[in-house]
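Data first, discussion second: the structure below is written as structure tokens.
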There are 2 protein chains.
Amino acid sequence: MPSNNNYAVESERLEEARNRFITEIAKNIHLYNITPSAGRLYGTVFFSEEPMTLDEMSKALGMSKTSMSTGIRSLLDANMVERVWERGIRKDLYKVEDDWYKSFSNVFINRWRNATELNMSAIQETKEMLYQLRQETTFKDISKKIDTDIEKLTEAENYYHWLTDVIALFETGKIFDIVPKRRDLTKGKNI
Amino acid sequence: MPSNNNYAVESERLEEARNRFITEIAKNIHLYNITPSAGRLYGTVFFSEEPMTLDEMSKALGMSKTSMSTGIRSLLDANMVERVWERGIRKDLYKVEDDWYKSFSNVFINRWRNATELNMSAIQETKEMLYQLRQETTFKDISKKIDTDIEKLTEAENYYHWLTDVIALFETGKIFDIVPKRRDLTKGKNI
DNA sequence: AAGTTTGTTCAGTTAAAACTGTACATAATA
DNA sequence: TATTATGTACAGTTTTAACTGAACAAACTT
């Protein structure tokens, strides 16, 4: 066993500490629709002192460059990393988006708004089909079922309207008036 | 081909209309950490006139009872369906939770709070490890990296504090003061 | 208590997603 | 223009998740 005051050993300890956080990120990042592997990738780039290339990521994680490419793309789509340029470097460089509020909002907005819109269209279409059928049918039983269905769908529609409003809260940034960003408490200054 | 004013044909059209919505639900329900199959299950129970048993679900979806059991449990955990009792019926009966606002809030709160807490603990622990290492190390290079890491982690911590506050908005129901529930506009009465 | 009914556990199977290496397309360099 | 470097598409493989049927356990019925 090497002695404790050894650079390699301490670097290893630093790596371990970072790894504690990276592992947790990887576990929970599925909430952003990101795979655990891409989560580890995110963590790695997060701690990196410099923007990283695909080759560096590949080496750091012991995974194929192809995986790095698709992984970084999913992080890019979620606005969790960004591409940066440095003169003289041909390779693509990536760093984490440091505004986590923005990342969260982006993911939240995109995912929920998309789903909400699709669901609302589906409700509209379903209602159309039901209205038409109700006009044509002569069976009391059928039209009764249709009426119940339409009522349920309208209820759902109200909910989606509300959800749209909630999403707008994040989209417009009004959420930050209601729930202010936290300032760095350790720094003492509270501008 | 059977004539148009035929009960079976119109029932089929009703089924088709319902299916339009069910299919869309199934596609987007992964946002609630629910599988598409369980999503179809949800849709089926949603339109059912009566609370359903596992056997009825199994028949309606053409899937095994085991799948219905696990599917309904995931919906139950997400507070999207609830169990109801009817005298004289031994089988478990399920209906959808009709307060969609509650369902959404529940899912949102549980998923994000859990992840947030785990990530915050990880940050704490990582910081502890880093503080310790910084006290012990003599290498300027190492302690510089540590300082940068701690700064990044503190930034992340602030974000998680903010997220906790946002979650509390839904937990306490204060969100409904800010974004009021939509009333059923078609009914005309606006109490 | 014996016999049913009902939901769930578990092992095995099938289906889906993640990952890899090769081959290719594009762009930079000489 | 020829050569080299770099990221991505694609086909095949591995890993993970979903699904099923049989066996079991708990509760109800008689």
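The values are calculated or read from the model by the stated rules, or taken from the named source; none is laboratory data. Because the structure is a prediction, the values reported are computed rather than measured. Cβ coordinates were reconstructed from backbone atoms using ideal geometry, including for glycine residues, and neighbour counts include every protein chain displayed. With ligands, DNA and RNA removed, areas are computed over all heavy atoms of the protein, side chains included. Shrake-Rupley method; radii C 1.70, N 1.55, O 1.52, S 1.80 Å.
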Exercise. Assess whether residue B:175 counts as being within 22 Å of residue A:175 (Cβ to Cβ) and either at the interface with chain A (Cβ under 7 Å from one of its Cβ atoms) or at pLDDT 95 or above (or both).
Key: yes
Exercise. Exactly one condition in (1) open to solvent by 60 Å² or more (accessible area, probe 1.4 Å); (2) in contact (Cβ under 8 Å) with a residue 60 or more places away in the chain is not met by residue A:32; state its number.
Key: (1)
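Yes or no, residue by residue, for (1) out of contact with any Cys (no Cβ under 9 Å at 6 or more places or on another chain); (2) charged (D, E, K, R); (3) under 27 Å from residue B:176 (Cβ atoms):
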{"residue": "B:32", "(1), (2), (3)": "yes, no, yes"}
{"residue": "B:68", "(1), (2), (3)": "yes, no, no"}
{"residue": "B:86", "(1), (2), (3)": "yes, yes, no"}
{"residue": "B:92", "(1), (2), (3)": "yes, yes, no"}
{"residue": "B:118", "(1), (2), (3)": "yes, no, no"}
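Conditions (1) facing chain B (nearest Cβ under 10 Å); (2) within 16 Å of DNA strand D (Cβ to nearest atom); (3) out of contact with any helix residue (DSSP H, G or I) (no Cβ under 8 Å at 6 or more places or on another chain), marked per residue:
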{"position": "A:26", "(1), (2), (3)": "no, yes, no"}
{"position": "A:34", "(1), (2), (3)": "no, yes, no"}
{"position": "A:89", "(1), (2), (3)": "no, yes, yes"}
{"position": "A:94", "(1), (2), (3)": "no, yes, no"}
{"position": "A:99", "(1), (2), (3)": "yes, no, yes"}
Quiz prompt | Residue satisfying condition, being open to solvent by less than 10 Å² (accessible area, probe 1.4 Å) and modelled with pLDDT of 90 or more, within set A:39, A:62 | solution = A:39
Quiz item: Taking residue B:78, is it within 13 Å of DNA strand D (Cβ to nearest atom) and either more than 13 Å from every other protein chain (Cβ to nearest Cβ) or modelled with pLDDT of 95 or more (or both)?
Solution: no
Exercise. Kindly provide the set of residues from region B:135-155 that are out of contact with any Lys or Arg (no Cβ under 9 Å at 6 or more places or on another chain) and surrounded by fewer than 18 Cβ atoms within 10 Å (Cβ to Cβ), ordered by number.
Key: B:135, B:138, B:139, B:140, B:141, B:144, B:148, B:151, B:152, B:155
Quiz prompt | residue A:61 of a type outside the set (Phe, Trp, Tyr) and in contact with an Asp or Glu (Cβ under 9 Å, 6 or more places away or on another chain) | solution = no
Quiz item: Of the residues B:118, B:76, B:41, which single one is within 20 Å of the chain's Cα centre (by Cα) and either in the same structural domain as residue B:172 (by TED's automatic domain parsing) or of a type in the set (Gly, Ala, Ser) (or both)?
Solution: B:118
Self-check item: helices (runs of 4 or more DSSP H) within region B:98-191 that include 1 or more residues more than 26 Å from residue A:105 (Cα to Cα)
Solution: B:100-136, B:140-171
Quiz item: Restricting attention to region B:92-115, which residues are farther than 22 Å from residue A:157 by Cα, surrounded by 18 or more Cβ atoms within 10 Å (Cβ to Cβ) and assigned by TED's automatic domain parsing to the domain that holds residue B:168?
Solution: B:111, B:112, B:115
